Amino acid sequence: MAVVNSVSGPIDTADLGFTLMHEHIMVQSPGVKENLPVMDREAEIQGAVQKLKDVQAHGVKTLVDLTPADWRDIPFVKEVVARSGMQVIVATGIYWEVPHYFRAFGLRSIDHIADLFVRDIRDGIMDTGVRAAIIKCATDEIGVTEDVERILRASGRAHRATGVPISTHTHAASQVGLKQQDVFESEGVDLSRVIIGHSGDSEDLDYLRCLMDRGSHIGMDRFGLDMLLPTEKRVATIARLCEMGYAEKMVLSHDAACYFEWADPALRKQVVPNWHFNHIPDDVIPALRDAGVSQEQIRAMTVDNPRRIFERQGSY
Ligand SMILES: [Zn+2]
């Protein structure tokens, strides 16, 4: 039996079930709500609990919260998990807008950053008792800057020290997933233990196949963000890749959040009405079936691949 650490403690990987591999309980810029009265905490906890109960009723059993360490609020997540009963796995790691503490200028070593990630995974996050079980790192349109590269290298080293998987944010249009793979490879990372995220924003089959042919999984993980790419096109890309034999290399998600500070909730509902946790079970899976994707392939992308990713364990 393989075990993975969740917010509520260790769980058997056989019990992961239908897993959304890239979501968030809370997306909130570092320091804002801690210092300004912008959030009603209790109301937001209640709202999040409702959303997680709702998605469980739609058949989703586990949610991977890929909020990096500089953005997360583990006590909030812990409370939401306790009240909703959702299985949630949380991450360590740092976002692409690298905080000053981690930048090259300050001369703190890459190994020091890796040690902080390892601590989150082995000992737990601060005094919450919650252990991270995945490493998040990010590269956006500006690419692998010196500071971003430090975080990618620290992520690779923490991965090799702990064996937990790496899952990334990318700007797919500029194909930075390949550059992330280059950095990981130079750190001796087995690319099959990496998920290159936000790949579903791209319809470029050559790019996507190249990422997978190098061994990585890809995150088709922004369903509902139609202004980046509409659902029909995301579905057609996945169907085509399934036909080509890549069902074992893809995982599905929305990159949605219970609490999302970047935009007013009313505006969000108007601009991206399908950007919520139920969109995949309600709309995407029927659309994949209509596009010729088999039940086994759907099961691979929603259940078996997540399980396999978390079952590849051990340092190396
Ligand atoms: Zn995300």
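Remarks
- Looking only at the stretch 255-304, residues that are over 15 Å from Gly59 (Cβ atoms), within 16 Å of the ligand (Cβ to nearest atom) and open to solvent by less than 40 Å² (accessible area, probe 1.4 Å) come to 10 in all.
- Of all residues in the stretch 256-297, exactly one satisfies the criterion of being of a type in the set (S, T, N, Q) and at pLDDT below 95, namely Gln270.
- The set of residues from the stretch 9-35 being away from the ligand (no atom under 16 Å from the Cβ) and either modelled with pLDDT under 95 or part of a strand (DSSP E or B) (or both) comprises Gly9, Pro10, Ile11, Asp12, Gly31, Val32, Lys33, Glu34.
- Considering residues of the stretch 151-206 that are in contact with a Ser or Thr (Cβ under 6 Å, 6 or more places away or on another chain) and of a type in the set (A, V, I, L, M) only, the residue farthest from Arg234 (Cα to Cα): Ala161
- Taking the criterion of being part of a helix (DSSP H, G or I), surrounded by 20 or more Cβ atoms within 10 Å (Cβ to Cβ) and not aliphatic (A, V, I, L, M), the residues of the stretch 103-145 that qualify are Phe117, Asp120.
- Some residue of the stretch 40-52 being under 21 Å from Val284 (Cβ atoms), open to solvent by less than 30 Å² (accessible area, probe 1.4 Å) and within 16 Å of the ligand (Cβ to nearest atom): no
The values are calculated or read from the model by the stated rules, or taken from the named source; none is laboratory data. If you're wondering where the values come from, they're calculated on a predicted model, not measured in any experiment. Ideal geometry is used to build each Cβ from the backbone, glycine not excepted, and the neighbour counts take in all protein chains shown. Just so you know, the surface numbers come from the protein's heavy atoms only, side chains and all, with ligands and any DNA or RNA stripped out. Shrake-Rupley method; radii C 1.70, N 1.55, O 1.52, S 1.80 Å.
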